Amino acid sequence: MIEERPDGASASDYLPPTQIRVLSLALIRHPGTGALFVTEYLDPARDETLHRPAGGGIEFGETSEQALRREFREEFDTELEVGERLGVVENIFVFNGRPGHEYIVVHEATFLDRAMLGHGPWPVLDAPSDVGVWRPATGVDLPRLVPDALADLF
């Protein structure tokens, strides 16, 4: 496992193409607006801005709930209350011109820190080119929510 990454790199940048990654992502809805909290990032090969629920990789021996709490501490220096597991989705994709394959455990969650309900954006502390934002649940001209299979869970 690679422990140090250059700024802006994700763990998937270092996985061989035959490696399947297991993630835990949080579906967080703003209590006032219904907006989704997502990580906004760029696919440089396509010059496309993407939105994905925040979270990250599950480490060996860690539950998906523990992974979410750790990832939000590392990425946003904040705490979560992790709720119901909504499901697991499989995602086979191409990012930055490279193939990827993930299994994603999705949980409902809420922020314990009310400041996270503000307008943001919030820099991702371990990937400074990415930010956390509140994404309207509906609307036109929104960046794509990935993976597409998430739509089946909410």
(request) Could you check the simple spin-label distance between S129 and V88, using points 7 Å along Cα→Cβ, in nm with one decimal? (result) 3.2
(request) Return the calculated 222 nm mean residue ellipticity for the chain, to the nearest 500 deg cm²/dmol, obtained by summing -39500 (n - 2.57) across DSSP H runs with n ≥ 4 and dividing by the residue count. (result) -2500 deg cm²/dmol
(request) Would you mind telling me which residue in R135, R73, R98 has the biggest mean-square fluctuation in a Gaussian network model of the chain, where springs connect alpha carbons within a distance under 10 angstrom? (result) R98
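Kindly give the semi-axes, whole Å and largest first, of the ellipsoid equivalent to the chain, taking each as the square root of 5 times a Cα gyration tensor eigenvalue.
Numbers: eigenvalues 96, 65, 52 Å².
Listed largest to smallest, the semi-axes of the chain are 22, 18, 16 Å.
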(message) Whole-Hz ³J(HN,Hα) for each residue in segment 129-144, computed from phi via Karplus 6.51 cos²θ - 1.76 cosθ + 1.60 with θ = phi - 60°, x for glycine and proline: what do you get?
(response) 7, 9, 9, x, 9, 8, 9, x, 5, 9, x, 9, 6, 8, x, 5
(message) Quick check: from the Cα gyration tensor, does segment 66-118 come out rounded (a/c under 1.5), prolate or oblate?
(response) prolate
(request) Report, for segment 22-153, the % of DSSP beta bridges that are antiparallel, rounded to 5. (result) 80
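Coordinate-derived values only; no laboratory data. Just so it is clear, the structure is predicted and the values come from calculations on it, not from any experiment. Glycine also receives a Cβ, built like all others from the backbone with ideal geometry; neighbour counts cover every protein chain displayed.
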